[in-house]
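This report refers to the structure that appears directly beneath it.
The numbers here are math on the coordinates, done by the rules we state, and not lab data. Owing to the predicted nature of the structure, the values given are computational and were not obtained by experimental measurement. All Cβ positions, glycine included, derive from the backbone under ideal geometry; neighbour counts span all protein chains shown.
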Amino acid sequence: MTHRFWMRHAIELARLCPRSPTAFSVGAVVVGADGVELAHGFSRESDEKVHAEESALNKLGDDPRLAQATIYSTLEPCSRRATATRPPCTDRILSAGLARVVIAWREPATFVENCVGVEKLREHGVEVIELPDLAAEAMSMNRHLDLS
Ligand SMILES: [Zn+2]
C-alpha cells in the first residue's frame, strides 16, 4: 500500500465532516506496520470539537500496535488548540508513540498563528512525510474558509 492510497482514504473521510465556519474539515487514518488500517476519524465525528487525529486515536486507547503505526492526516496536526482541556494532536501523537506522520498540507494561519506540528514531531524523532501533490484535493472541502 502506498502513502497516496491511504491519503486518498483520509481525503474521503474529510468529505464526511459536518461543515463548520470556524474549523477545518480533516480526515485521518491510522495504519499499522503490517499495512492494515487500525482506526480512522474525521473532524467533528463524535462531538463538535473533536479533531480527526484525536477521533482516530481515541478509538485505539493504548493499543501496542501504535508504536509501529503511521497516521495519515489530510492537514498538519495542530500544535495548539482553542479547547484548552484537550491536548493538541501533535502531543497526542507523541504520547501515543506513533512512528510516522503523513500529511497533505500544512496548517495555514486561519485559526491559529504559526502551527509548528511538523517541526515538533520531527524534533521528537517522528518521521514526517508531506504529499504536496495531494494538498489541493485535501483542501478542497475547506474552500469556504480563508486559506491564505
Ligand atoms: Zn488537532
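With both residues required to sit in the chain, DSSP beta bridges show an antiparallel share near 50%. Amide H to amide H, with H built 1.01 Å from N, residue 128 comes under 5 Å of 101, counting only residues 5 or more places away or on other chains. Sparsely packed loop sites in the stretch 43-145 (the trypsin sites (Lys or Arg not before Pro) outside DSSP H, G, I, E and B with at most 10 other Cβ atoms within 10 Å) comprise 143.
3J(HN,Hα) couplings calculated from phi for the stretch 121-136 with the Karplus curve 6.51 cos²θ - 1.76 cosθ + 1.60 (θ = phi - 60°) are, in sequence order, 4, 5, 4, 9, x, 7, 6, 10, 10, 10, 10, x, 5, 9, 4, 4 Hz; Gly and Pro show x. Over the chain, Cα pairs under 8 Å with separation of 6+ residues give a relative contact order of 22 percent.
Taking the inverse of the mean reciprocal distance over all distinct Cα pairs, the Kirkwood hydrodynamic radius of the chain comes to 14.8 Å.
Look at where the Cα atoms of the stretch 1-74 and of the stretch 76-125 average out, and the two centres are 13 Å apart.
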